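The values are calculated or read from the model by the stated rules, or taken from the named source; none is laboratory data. The model shown is predicted, which means the values in this text are computed figures rather than measured ones. Quick reminder, even Gly has a Cβ in these numbers, built from the backbone with ideal geometry, and neighbours come from all protein chains shown.
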């Protein structure tokens, strides 16, 4: 009798935990590039400048080289899972990726099921995206901006020097003038 009871309990437990179909992620079925383009809020090619760990997530700082949808800035911060990243793993500094992004509360996210991948592995996707580019604002040349910053300081210093000399000359000539 104990064997039968044990067998029934074991069968009930097996039935409880039996699952005819198990999926770890909802993205077991990969989207075509057309479906992914329609589904995601932002599609860009970006070079990863920096990856900042933030708890269980990473903040990926990226320079946008080409935007195909949703992103109109030269630089973006993208949240992604710190361990998994997306289907192709977490982003690596210095690499260039085709990112499929979602926007949540005004912030970009590279979700787990996103078909984001290295640009070198995205030939089919990039062929589909050709002609869908969004113009980005031009990035000022860093040397130009440094030069203009330096020239502001030089002009300010020269102006202060000239004003100082003029004030000195004025005060000297005022003292030499005989008073009546």
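Among 76, 64, 60, which is in contact (Cβ under 8 Å) with a residue 60 or more places away in the chain, in contact with a strand residue (DSSP E or B) (Cβ under 9 Å, 6 or more places away or on another chain) and buried (at least 18 other Cβ atoms within 10 Å of the Cβ)? Explain how you work it out, then say what you get.
Values: 76 fails: in contact (Cβ under 8 Å) with a residue 60 or more places away in the chain; 60 fails: in contact (Cβ under 8 Å) with a residue 60 or more places away in the chain.
Every option except 64 fails the conditions.
For residue 38, are the conditions met, namely being under 17 Å from residue 111 (Cβ atoms), surrounded by fewer than 12 Cβ atoms within 10 Å (Cβ to Cβ) and at pLDDT 75 or above?
So residue 38 fits the description; yes.
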